[in-house]
Amino acid sequence: MGGKSFGKAPGGGGTPGRGEFGDSGRERARRRGQGQLEAQVLAALHEASGPATAAWVQERLGGDLAYTTVMTILSRLHAKQAVTRERSGRAYVWTPAADEAGLAALRMRRVLDGEPDRDAVLTSFVSALSAHDEQVLRALLDRATADGPATTDGPVTADGPAPAGGSAAESGTDRRR
């Protein structure tokens, strides 16, 4: 990697309070987190009239991001199935497969999938919902139950699929501690 050290500020030691690359507060304020970049890239793709190149996305985001950074974000979104890509000559063109809400839901499922006790996580999540969020979740689960029998991806409680007359959220709230 050419021996460059990115951990220290130019001309100085690793000054406390400085960013990972020794940047000033002004530069650090411009830096965006991965989730924010992903959301911005998705928003740009949604503005496109069709499939877009990484260069088009880079230009749409103001050009302050390196092309390689845009490609990295697009590749990560592709791995998360939030975008699709298709060869166009030597490059890819990208199309959104999910919006910001879909990407957030994907992250939530990934977190849930990574936990050994899904029931405990879901119970804790549901018990911390606001009254409005709980109503929305109940309505969504009720609609899913009314649309047909539960599948392996449908509402499930610790005892198995949610009963036809209720929902997973209702079953989970009975077990709140």
- Table column - 3J(HN,Hα) (Hz), the stretch 121-137, Karplus curve with 6.51, -1.76, 1.60, x for Gly and Pro: 5, 5, 4, 5, 4, 5, 5, 9, 5, 5, 4, 5, 4, 5, 5, 4, 5
- Task: Would you grab the residues whose amide H sits under 5 Å from the one on V83? Only those 5+ places off in sequence or on another chain, please, with H modelled 1.01 Å from N.
- Result: H78, A97
- Message: If you take every residue apart from V83 with its C-beta less than 13 Å away from the C-beta of V83, what net charge results, scoring Lys and Arg +1 and Asp and Glu -1?
- Response: -1
- Query: Along the stretch 105-117, what does the Karplus equation 6.51 cos²θ - 1.76 cosθ + 1.60 (θ = phi - 60°) give for ³J(HN,Hα), rounded to whole Hz, x for Gly and Pro?
  - Reply: 5, 4, 4, 4, 5, 5, 4, 4, 5, x, 9, x, 10
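Rule-based calculations on the coordinates, nothing more; no lab input. All values derive from a computational prediction rather than experimental measurement. Cβ atoms come from the backbone with ideal geometry, glycine included; neighbour counts cover every protein chain shown.
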